[in-house]
Amino acid sequence: MFQGIKAKDRERNPERLLQLKRICDMLLAAGYFRARVPILSPFDKVVGGLVWGITASNVDLDVDIIFQENSTIGERVRLSEQIVKALVKMKCPFPVQPQQIQGLDYPSLFPTTKWLPSPV
């Protein structure tokens with residue numbers, strides 16, 4: 001039976017909710033429609049969108065990025081590291097660190113999320 005988003009994965013801070021909404025709105029505008037699925041956690045929406053944008057860019061990256069919803073902390077860390085490697089190879093002008101992705105540092109992720117659809 002499906003439970004939905006766990007309490008620990010929900011955003012409660014109004015400022016963070018607004019930042020998450022801005023990122024999800026950009027992802028939606030770019031064509032990533034899973035950003036509006038209410039049962040997905042903020043991590044799954046944002047990181048799923050980043051992976052979608054990287055994959056949709058068709059840039060030859062030689063980086064293995066496999067996104068899986070509801071992943072463990074270890075899987076999230078590895079995925080965040082792979083996303084950073086891919087963004088570097090794509091010459092993203094807005095560098096981010098794996099801990100910023102894994103920790104959902106929205107202000108740091110906003111410019112990257114805004115830039116990413118441009119190669120798509």
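The values are calculated or read from the model by the stated rules, or taken from the named source; none is laboratory data. What you see is a predicted model; the values in this text were computed from it and never measured. Quick reminder, even Gly has a Cβ in these numbers, built from the backbone with ideal geometry, and neighbours come from all protein chains shown. Only protein heavy atoms, including side chains, enter the accessible area calculation; ligands, DNA and RNA are left aside. Shrake-Rupley method; radii C 1.70, N 1.55, O 1.52, S 1.80 Å.
Using +1 on the beta carbon of Lys and Arg, -1 on that of Asp and Glu, and nothing else charged, what's the dipole of the chain about the Cα centre, debye to 20?
Numbers: 16 positive and 12 negative charges, 72 e Å.
Dipole about the Cα centre, nearest 20: 340 debye.
I'd like the trypsin sites (Lys or Arg not before Pro) in segment 9-45 restricted to DSSP loop residues with at most 14 other Cβ atoms within 10 Å, sorted by number. Mind dumping the intermediate values first?
Working: sites: Arg10, Arg12, Arg16, Lys21, Arg22, Arg34, Arg36, Lys45; in loops: Arg10, Arg12.
Within segment 9-45, the qualifying trypsin sites (Lys or Arg not before Pro) (loop, at most 14 other Cβ atoms within 10 Å) are Arg10, Arg12.
I'd like to check one number: the per residue accessible area of the chain, probe 1.4 Å, reported in Å² as a whole number.
Values: 7060 Å² over 120 residues.
Ligands and nucleic acids excluded, the result is 59 Å² per residue.
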Quick one: how many lysine pairs in the chain have C-alpha atoms under 19 angstrom apart, if they're 8 or more apart or on different chains?
10
Of [x] 21.3, 80; [y] 20.4, 56; [z] 13.4, 43, which is the value of Rg and Dmax of the Cα atoms in Å derived from the coordinates here?
[z]
Angle in degrees between helix 14-30 and the longest Cα principal axis of the chain, rounded to the nearest 10
50
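Filter the chymotrypsin sites (Phe, Trp or Tyr not before Pro) in segment 17-120 down to the DSSP loop ones having no more than 16 other Cβ atoms within 10 Å, then list what survives. Could you put the intermediate results ahead of the total?
Numbers: sites: Tyr32, Phe33, Phe43, Trp52, Phe67, Trp115; in loops: Tyr32, Phe67.
Passing both the DSSP loop test and the Cβ count: no residue.
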So if R0 is 22 Å, what FRET efficiency would Asp105 and Asp60 give, r being the distance between their Cβ atoms, rounded to the nearest 0.05?
0.20
Expressed as an acute angle from 0 to 90° and rounded to the nearest 10, what is the orientation of the C-alpha long axis of helix 73-89 relative to the principal long axis of the chain?
30
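Given the Cα-Cα distance of Arg16 and Arg36 and 0.36 nm per residue of separation, how much length would full extension add, in nm? All intermediate terms of the calculation are to be shown ahead of the outcome.
Values: separation 20, 0.36 × 20 = 7.20 nm, distance 1.63 nm.
Value of the extension gain: 5.6 nm.
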Give me the percent relative contact order of the chain, please, defined on Cα pairs under 8 angstrom at least 6 residues apart.
27
Within 10 Å of each candidate Cβ there may be at most 16 other Cβ atoms; applying that plus a DSSP loop requirement, which GluC sites (Glu not before Pro) in segment 40-120 survive?
Glu69
